[in-house]
1. Cβ-Cβ distance below 7 Å, separation of 6 or more or different chains: which pairs start in region A:127-145 with a residue that is acidic (Asp, Glu) and end on one that is surrounded by fewer than 21 Cβ atoms within 10 Å (Cβ to Cβ) and not in a helix (DSSP H, G or I)?
2. Taking into account only those residues within region C:134-168 that are at the interface with chain B (Cβ under 10 Å from one of its Cβ atoms) and part of a loop (DSSP other than H, G, I, E, B), which is surrounded by the most Cβ atoms within 10 Å (Cβ to Cβ)?
3. Just for region C:4-28: of the residues that are more than 15 Å from residue A:99 (Cβ to Cβ) and more than 46 Å from the chain's Cα centre (by Cα), which one is modelled with the lowest pLDDT?
4. Any idea which of (1) at the interface with another protein chain (Cβ under 9 Å from one of its Cβ atoms); (2) surrounded by fewer than 20 Cβ atoms within 10 Å (Cβ to Cβ) is the one residue B:249 doesn't satisfy?
5. Is there a residue in region C:2-21 that is within 11 Å of chain B (Cβ to nearest Cβ), of a type in the set (S, T, N, Q) and either in contact (Cβ under 8 Å) with a residue 12 or more places away in the chain or in a helix (DSSP H, G or I) (or both)?
6. May I ask you to verify whether residue B:26 is part of a helix (DSSP H, G or I), more than 9 Å from chain C (Cβ to nearest Cβ), out of contact with any Pro (no Cβ under 8 Å at 6 or more places or on another chain) and under 25 Å from residue C:96 (Cα atoms)?
7. Here is a list: B:92, B:64, B:76. Which entry is at the interface with chain C (Cβ under 10 Å from one of its Cβ atoms) and surrounded by 12 or more Cβ atoms within 10 Å (Cβ to Cβ)?
8. Given the criterion closer than 30 Å to residue B:138 by Cβ, of a type in the set (Phe, Trp, Tyr) and surrounded by fewer than 21 Cβ atoms within 10 Å (Cβ to Cβ), identify the matching residue among B:156, B:200, B:183.
Amino acid sequence: MPLLQIKDLGKSYNSDAKVLQGLNFEVESGEFLSIIGPSGAGKSTLLRCINRMVEIDEGKVVFDGQEVGKLNKKELRKVRTNIGMIFQHYNLVPRLSVIENVLHGRFGYKTTIQGVLGRFTEAEKEHAFFLLKKLGIEEHAYKRCDQLSGGQQQRVGIARSLIQEPKIVLCDEPIASLDPNASKVIMDHLKSITQELGITCIVNLHQVEIAKSYSDRIIGLNKGGIVFDGPSYRLHRNHTDQIYGTQTQATPEIRELIMV
Amino acid sequence: MNEKTMKASRKWQTIFFILLIIGMTLASSAITGFNIIHGIATLPKAGAWILSNLMITQESLERLPTILEKLLETILMSIAATTTGTAVAFFLSLMGSKTTGTKKVFGVFARFVASASRNIPVVAWALILLLSFGQNSVTGYLALFVGSVGFLTRAFIESIDEASQSAVEALRATGATYFQIVFKAVVPQCMPQMISWILFMIETNIRNATLVGILTGTGIGYTFDLYYKTLNYNAVALVTFSIILAVIVIELMSNYIRKVII
Amino acid sequence: MDASTYIKREASGRIAIKMGSKSERVMTWTVTVLIALTIAAFLFFDYTGLDLSKAIPETFYNLKTMFLEPALSHFTWGQAFYQMGVTLGLAFLSTIFGAIIAFFLALMAASNLSKAWISKTVRVIVAFVRAVPTVLWVLIFAIAAGLGSEAAVLGMLFHSIAYLVKAFSEAFEEVDQGILEALRATGANWWHIVVHAVLPSTFTYLLSWTFLRFEINFAVAVAMGAAAGAGGIGFELFMASGFYFDLREVGMITYMILIFAIVLEILSTKMKERYFPAAAKSAN
């Protein structure tokens, strides 16, 4: 049984405009999947339907044998502990230390009181340091998060999701706010760590070349529907034209811009 | 052409505005019986009176221990009203803020409580509470407490709304509970601002405590009133001076704390 | 898992997760001291004549009478509105005179428009004036200048000036330095700069602050009426509650004050939102 099944998923924020429509796909354990598409295609919404950060309107999302849309509050929190999430703007608490931000990933396993008082076990703290070391930012552990560069903050975000010991990590445009060097570092870390730990990874990207070079499989999204789903080596120019709605005779400069 | 007419209408607006202000000033003077010339004329006289009568003398200094005790009571009353008010205002502001609010009904309730307790003047609270609580510290404390809740709720709602939503989203995604999110994503971001507001409220409450004290017969306000009514102006000067000193010391301390934490 | 050289430990040997920055320490320290003082306060309070089991239900009963059965008995509606007018008048006069005087003082206090020592002196005086509660100013002026609206306006004026000087001078200091330099370069004198650069670019701010102070002064005027015999609706409130013990009348007066205060608050919030959404909260 696949780790994640999406069946006839549909979503609309207001009655007339549909953001997602009739999506169907499955994700196997350990896959590295990229979702590409122009802005407004519904990539972020799709990701947020998986851990129900937005409510699911139609169809269903089945994660690890459980239908996400049907869970009550407590069950949903339990499922979310198994789903890590990484954001474009890192979404850290700026005034807290790096290590505190990493440990925030453990809240799903704690009672409210333990969480509010910030009671973490020594093993959890050591695990946090282990992850920071793996990501190469161990020396910043006691710095305030907002003193770090964008790439370093994103690595804190990755550590926060990994300390959840998730089965899947959802990455929403993880490199959209980063320069090319930092982007490469982040993508390399994501790829190697998820592979090593056997974690499934779904990444929203708008850079086609990066998607092709890192992922096993690519899904192309346009106007809330899937227009391409296959191994990354099968993605060709005619597909990207379809995904981004550009014509084959479009001027090369424009395509250049989109591809970067 | 167009610019000219605009300039002309601007000019008329200005003239109208100035006339309105002058008109309202005259109307206010008429209704209150305020005479500006008389007001200015009394200033030098008042200054001379203050300089000659409000003098701290050896004799008044003997009252210093009593005054200091009352001052301490007033300061503690203001701090207690602020801190307990903070606890209530914190939960009300969680309900009232867009970021942390859960149900609309609670939000409306929180804003209503805040608005009512803030806009009913502290004087009215003091007088109402005096009737049933009697002449003791608790009356003064409660009057200040109600005002603090109102003011701090509004201030906290603003601080929480300003805090970034992104960390809240991230913690929600990890499966954190409501209060974990509030205390670990929202509070750390708002803490400096909240403390700043709390310090501001303590300063305000010490000044208000004098007023409330005069009405309810408690704290330093009562001491002031007593000397004032018995025409013991040297003691009045000493009380005033000790209040000034206390407020300035507290203000300096708050300024230091603000500078460090923000 | 390998032990890291970067791990810091607390005295107990547990791994630290806080930064241990000065800001964190000061915050913890502030909160602890405040809690300790609060506990001390409750121990120190004078509880003479307090009977909570009687006082609390009585208060709720009084509140019920006040707010559910309001009525005027010792004076007419006409008088009530007249007294409200007196209170608004006192608030208006002290605000408008305060704003005019504060404008000039703020020019002296703004560091970009004035000499350092003048600015410092004005700020120290303002801090001193602000430290004295308004009611003390009013009471002192009442004996010094003779009772009457002059004493009330003068007393309230002091605080209005202190408050507005702080707000105005901060607004002046935010005027773009480039504009000032450009004007100075053309040989404009100080008054030209004030009238043609500073005033136009800060006028809406000044207006909003002045209105906000009017809102505050309304509440202050009510308080002065009650506590310092300055007249107006506050005095009626004091009489109704302290002299006639007429809760229904207290309720009606409170309603009147509440309605005016809320209207003023809505107006000033609207002004703030329109003219300076970001700065509104900073210097309350």
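1. What qualifies is A:138/C:4; A:138/C:6; A:139/C:6.
2. C:145
3. C:13
4. Of everything listed in (1) at the interface with another protein chain (Cβ under 9 Å from one of its Cβ atoms); (2) surrounded by fewer than 20 Cβ atoms within 10 Å (Cβ to Cβ), residue B:249 misses just condition (1).
5. Within region C:2-21, none of the residues are within 11 Å of chain B (Cβ to nearest Cβ), of a type in the set (S, T, N, Q) and either in contact (Cβ under 8 Å) with a residue 12 or more places away in the chain or in a helix (DSSP H, G or I) (or both).
6. Details: part of a helix (DSSP H, G or I): yes; more than 9 Å from chain C (Cβ to nearest Cβ): yes; out of contact with any Pro (no Cβ under 8 Å at 6 or more places or on another chain): yes; under 25 Å from residue C:96 (Cα atoms): yes.
It is true that residue B:26 is part of a helix (DSSP H, G or I), more than 9 Å from chain C (Cβ to nearest Cβ), out of contact with any Pro (no Cβ under 8 Å at 6 or more places or on another chain) and under 25 Å from residue C:96 (Cα atoms).
7. Just a single option satisfies the conditions, and that option is B:76.
8. B:200
The values are calculated or read from the model by the stated rules, or taken from the named source; none is laboratory data. Note that the structure is predicted; figures quoted are calculated from it, not measured. No Cβ is skipped: glycine too gets one built from the backbone with ideal geometry, and neighbour counts run over all protein chains shown.
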